[in-house]
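The structure under discussion appears below in the form of structure tokens.
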Amino acid sequence: MQLTDSREIAAAPEIVWAAILDPDVLKQCVPGCQEMTGSPEEGFEAKVVQKVGPVKATFKGTVSLSEMNRPESLTLTGEGKGGAAGFAKGGADVRLEPKGEGTLLSYDVEAKVGGKLAQLGSRIIDGFAKKMADQFFDNFKAAVEGPSEAEPAAAEADAGAETGAATGEGEAPKKGWFKRIVS
């Protein structure tokens, strides 16, 4: 299964690059991720629980980063084993390009499955893989940018509660939690 797509992220390429190397951001972005440890240099280990069609499994796996060309591109390669459910492995070539004041994140994903998962059929697997990739990159965009314009009341309430400060009309837009850390 192969998938190609892109996302515009309202943050500089350096901020997006730092976020994609942060295990806490990755844990937050991977759907079903329960644990994520490691570093970009040595790779990451993860535990992910997912249900694909009728098969629910806990996958334990590794993700390694290679071909890192800061802050322009990198390759993520992962492999997970889900016991009797089978295995999943694949990779993503990620490219970051400045676009206006933000970044265009483009990716090419290739995934393979085996075991019981492979018996489900390519339609279910392809749909699931696309959904997982879309969720990951949507979550990643939200983690870097912060809340979207569609949820300003909730964002203001959360930001006010988080900082203990009153919100005012003349304030700048709220930054995502990762952007606040690196700014």
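Read-outs throughout are calculated quantities, based only on the coordinates presented, and are distinct from any laboratory measurement. Only a predicted model underlies this, so the values are computations on that prediction, with no experimental measurement involved. Backbone-built Cβ (ideal geometry, glycine too); neighbour counts: all protein chains shown.
Let me know the charge dipole size of the stretch 42-108 about its Cα centre in debye, to the nearest 20, where only the beta-carbon of Lys, Arg (+1) and Asp, Glu (-1) is charged.
The calculated dipole for the stretch 42-108 is roughly 500 debye.
In the stretch 2-84, which GluC sites (Glu not before Pro) are in a loop and have at most 14 other Cβ atoms within 10 Å, using DSSP for the loop call?
GLU41, GLU42, GLU72
Classify the stretch 1-49: rounded, prolate or oblate, from the alpha-carbon gyration tensor (a ≥ b ≥ c, eigenvalue square roots; a/c under 1.5 rounded; otherwise prolate if a/b is larger than b/c)?
oblate
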